Amino acid sequence: MLAEVGRYALIAASLLCLYSMVVSVVGARLRRADLVESGERAIVGLLFLVVFASSILIYALATSNFQFEYVANYTSTTLPLPYKLTAFWGGQAGSMLFWLLILIAYTTVALLQNQSKNRQLMPYVTTFLAGTCLFFLIMLLFAADPFKKLSPVPVEGQSLNPLLQNYWMVSHPPSLYIGYVGLAVPFAFAMAALITARLDSGWIRAIRKWTLFSWLFLTVGILQGSYWAYIELGWGGYWAWDPVENASLMPWLAATAFLHSVMIQEKKGMLKMWNMILVLISFSLSIFGTFLTRSGVVSSVHSFAQSPIGNYFIVFMVIQIGVSVFFLLKRKKELEPEARLESFISRESSFLFNNVFFLVICIAVLCGTVFPILSELFTGSKVTVSAPFFNKVIMPFAIGLVLLAGICPLIAWRKASIKNLKRNFLTPGIIALAGSAVLALLGIHHWLTLLFFFCSMFVLVTVYNEFTKGTKARMAMVDEGAPVALYHLVERNKRRYGGFIIHTGIALLFIGIAASSFYQLDKEVTVPLNDSFTIGAYTLKFKDLQLLRDPHKELWRAKLEIFKGEKQVGVLVPERHFYKNSEQPTTEVAIRPFWNEDLYLILVGPTESGAGIFKVYVNPFIGLIWKGGIIIALGSLIVLLPDMKTKYAVSTVQDTGGEEFAG
Amino acid sequence: MNGKTALVASILVVVAATGFLVYTGLTDNMVYYYHVDEFLTKAASLDGENIKVNGKVQKGSINKQNLDYSFVIHGMPQNIVQVNYHGIVPDTFKDGSDVVVEGSYDRDARKFHATTLLAKCPTKYEPQNQSKPE
């Protein structure tokens, strides 16, 4: 009964979608505000229906209603309630419904925000968002039905994979989805701007924060995924260039490029066509990412079932790209730049390079990800590439991007003079060089690490300079104490200083990546009880091994004491669990973070003689990856904060002649 | 040389560099991927080459001695390959798992020496975050 109601809600929702699309377009063509409003009201109805359908599925999950095939496939009566609920996005049909739910919520918010703004754009924004909703509804009705019924009704469900039963399953997938789906809104605005030929910066202003919001969630989602992999999966690393990981990285790269180049359009009226293309690509990649993740077309360690939804995605992507390209070509003339590039050494060109690098990395990731599919399609034999390919191709551009993160915000517009270059870059360059020299003397001879460190250091010093210069200037001008001046500096120019904070996070993240990739130590050992072994600066003494049982599982627990020299600095307790109903062991890694590195220990198992088999890693500075991530998130939040109208007449204090991050 | 020419020239350099890196990256790092059935028809010509083979772990075939594993993967029931592996196996590696092994085939010993081992869970089709491919 419930299942039928859910299905009817989805059918009604599809009709409403169609209605909304038609009246919005007709209303816009005939300039009938009443029709346009009716189309917008239909979206509210749509929101209601989709929330209703989702509630039915969530209710069925919570009450273990195994009439629903979906509920039986992903939960069981013994599964704790939070994981029953997270199964909403754990399986295919549910995750599609979740996508739709977020999309319709975004659509509603976008309409509410623009009730008295951008009125010419809104009918088409509604049409494109409703069109995207319709696509997901069709898929839910014909290919991935969350309300499919089982008969006979099983007594027990198949439960959720034990690997997914942890906190990260609660927060990682939604973060990614919120990010992916958010890119639909900029796309709809871009299309509306193209169709109505209102290509001034109105649409750009309307979507800038949407894009940043999506970007923030994608960033956080990706980093959560890597952290999950690191602490739960037990192979010592955090990123494997798996197709599903790449699927989330590609829209992130395109959106990052857009967030940068949009500043050039706002400031200079250049790159209009390019920005359009980036918005369209970002959304295409977010659909493509969902497709890769969910269709099973590439073999991934995330191995999802081969499924029919792939074809639906392909049709949708073809339509979406076709329509986008058609309107882009139609408006080619209107997208001509208002200014020309004057000099190679200028902020404009540094931004161009930033964009080219981001796009090049994106294309390289795409190549590596789809290469197995294409090679099979064209040559009949499947050829795969793995981590070394990605690392090799991306490395030079990644280094270039970190360096640009230091240069772009400070180099002068139009044409940088020698004086400008000297003033902004001489000290950071010298300090970074000196820092690298010190590292080299300390024994870091890996040149790539040194290069990464140099670039990151350069960024950090430029950011530090900007903050101190700005704060000092304010202190001198308005007679404020340093903390107050700093606060006002950031508060008055959130975009610029929030951007600097994001760059700080990026620089730290890259130090973490470089140090942990090039200086990781690892060792496999078999040790008898009370014996010890060493890795790096640490000696680990194997003190205890126990077999524990509870109703759900058996577990082996080892205890090792960590010594640094003579001094004991901690204890590691790695475990290995065997769940009874899944016949599958799970590894509980033990990690002891020190200020500079993580000691990471996996219990592989006991030998028959009672010795322990361990795999141990030392990961230098790996923690900086996620600490950098937190700083990036903070910086983004600062930029996202709404602007307060302030009464002060004091103009913002700037040193480099820039008003915002881009200028 | 004015700004625009310099820019176009350097972007061309970037594009060319990318093309070069992608091309050499692909040719240096590409690994052929076969299903067991297909692999066996070509095994003679693949001696010693680095490849990936996908198959199912034969029930009861897993032998382990500490970190040394030997097991059999199969496609069609009669198509079997003996595999050796040293290292940590993913949590999902067990009888009946769908696995991908990367390594080389020793034609004389009729054994596949795997350097990496990936396993997918046989009963569920949900995210199988396991051992990394490298």
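In the same structural domain as A:L2 (by TED's automatic domain parsing) and at positive phi - does that describe any residue in segment A:54-64?
Looking through segment A:54-64, at least one residue is in the same structural domain as A:L2 (by TED's automatic domain parsing) and at positive phi.
Within segment A:500-536, work out how many residues are in contact with a strand residue (DSSP E or B) (Cβ under 6 Å, 6 or more places away or on another chain) and among the small types (G, A, S).
4
If you scan segment A:386-395, which residues turn out to be at the interface with chain B (Cβ under 7 Å from one of its Cβ atoms), at pLDDT 85 or above and surrounded by fewer than 22 Cβ atoms within 10 Å (Cβ to Cβ)?
Those that are at the interface with chain B (Cβ under 7 Å from one of its Cβ atoms), at pLDDT 85 or above and surrounded by fewer than 22 Cβ atoms within 10 Å (Cβ to Cβ): A:A387, A:P388, A:K392.
Restricting attention to segment A:346-360, and to residues there that are within 16 Å of B:V13 (Cβ to Cβ) and within 9 Å of another protein chain (Cβ to nearest Cβ), which single residue is modelled with the lowest pLDDT?
Among them, the one singled out is A:S349.
Please state which one of B:K64, B:K42 is outside any helix (DSSP H, G or I) and not hydroxyl-bearing (S, T, Y).
Result: B:K64 is the single residue among B:K64, B:K42 that is outside any helix (DSSP H, G or I) and not hydroxyl-bearing (S, T, Y).
So A:Q158 ticks every box in (1) under 24 Å from A:P82 (Cα atoms); (2) in contact (Cβ under 8 Å) with a residue 24 or more places away in the chain; (3) under 24 Å from the mean Cα position of the chain (by Cα) but one. Which box is left unticked?
With (1) under 24 Å from A:P82 (Cα atoms); (2) in contact (Cβ under 8 Å) with a residue 24 or more places away in the chain; (3) under 24 Å from the mean Cα position of the chain (by Cα) applied to A:Q158, the lone miss is (3).
Residues are listed down the side, and each one gets a yes or a no for (1) closer than 30 Å to A:L442 by Cα; (2) acidic (D, E):
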{"position": "A:S456", "(1), (2)": "yes, no"}
{"position": "A:V463", "(1), (2)": "yes, no"}
{"position": "A:E466", "(1), (2)": "yes, yes"}
{"position": "A:K472", "(1), (2)": "no, no"}
{"position": "A:M475", "(1), (2)": "no, no"}
{"position": "A:G481", "(1), (2)": "no, no"}
{"position": "A:R492", "(1), (2)": "no, no"}
{"position": "A:I501", "(1), (2)": "yes, no"}
{"position": "A:L509", "(1), (2)": "yes, no"}
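Before we move on, is B:N29 facing another protein chain (nearest Cβ under 7 Å), among the polar types (S, T, N, Q) and closer than 22 Å to A:G368 by Cα?
It is true that B:N29 is facing another protein chain (nearest Cβ under 7 Å), among the polar types (S, T, N, Q) and closer than 22 Å to A:G368 by Cα.
I'd like the residue in segment A:129-177 that is crowded, with 16+ Cβ neighbours inside 10 Å, of a type outside the set (A, V, I, L, M) and in a loop (DSSP other than H, G, I, E, B) and, out of all such residues, is modelled with the lowest pLDDT.
So the residue we want is A:N161.
Name the pairs whose Cβ atoms lie under 9 Å apart, with the first residue in segment A:416-434 and closer than 13 Å to A:N465 by Cβ, the second among the hydroxyl-bearing types (S, T, Y), and 6 or more positions between them or separate chains?
A:R423/A:T656; A:N424/A:T462; A:N424/A:T656; A:F425/A:T462; A:T427/A:T462; A:P428/A:T462; A:P428/A:Y464; A:A432/A:S456
From the list A:F128, A:F98, pick out the single residue that is closer than 21 Å to A:V323 by Cβ and away from chain B (no Cβ under 14 Å).
Answer to the selection: A:F128.
Across segment B:1-23, what is the total count of residues that are within 8 Å of chain A (Cβ to nearest Cβ) and within 27 Å of B:L118 (Cβ to Cβ)?
Result for segment B:1-23: 2.
Looking at (1) touching a residue at least 60 places away in the same chain (Cβ under 8 Å); (2) surrounded by 20 or more Cβ atoms within 10 Å (Cβ to Cβ); (3) closer than 30 Å to A:A412 by Cβ, which one does A:T369 not meet, given that it meets all the others?
Unmet condition: (3).
Please determine whether any residue of segment A:195-203 is free of Cβ contacts under 8 Å to residues at least 12 places away in the same chain and outside the structural domain of A:E597 (by TED's automatic domain parsing).
Looking for residues that are free of Cβ contacts under 8 Å to residues at least 12 places away in the same chain and outside the structural domain of A:E597 (by TED's automatic domain parsing), one finds at least one in segment A:195-203, hence yes.
Go through segment A:438-547 and tell me which helices (runs of 4 or more DSSP H), entirely inside it, have 2 or more residues that are surrounded by 15 or more Cβ atoms within 10 Å (Cβ to Cβ) and without any contact (Cβ under 8 Å) to a residue 40 or more places away in the chain.
A:447-478, A:482-492
Give segment A:407-416 a look and list any residue that's more than 14 Å from chain B (Cβ to nearest Cβ) and either of a type in the set (S, T, Y) or out of contact with any Gly (no Cβ under 9 Å at 6 or more places or on another chain) (or both), or say none.
Of everything in segment A:407-416, those that are more than 14 Å from chain B (Cβ to nearest Cβ) and either of a type in the set (S, T, Y) or out of contact with any Gly (no Cβ under 9 Å at 6 or more places or on another chain) (or both) turn out to be A:I407, A:C408.
A:E561 - would you say it is at pLDDT 95 or above, over 30 Å from A:W215 (Cα atoms) and surrounded by 14 or more Cβ atoms within 10 Å (Cβ to Cβ)?
So A:E561 passes the test.
Picking from B:V13, B:V22, which residue would you name as being more than 21 Å from the chain's Cα centre (by Cα) and either small (G, A, S) or assigned to a helix (DSSP H, G or I) (or both)?
Just one listed residue meets the conditions, B:V13.
For B:I88, indicate whether it is part of a loop (DSSP other than H, G, I, E, B), buried (at least 22 other Cβ atoms within 10 Å of the Cβ) and hydrophobic (A, V, I, L, M, F, W, C).
yes
The values are calculated or read from the model by the stated rules, or taken from the named source; none is laboratory data. Bear in mind that the values here come from a model prediction, so they are computed numbers and not experimental data. Every residue, glycine among them, receives a Cβ derived from its backbone with ideal geometry; neighbour counts consider all protein chains shown.
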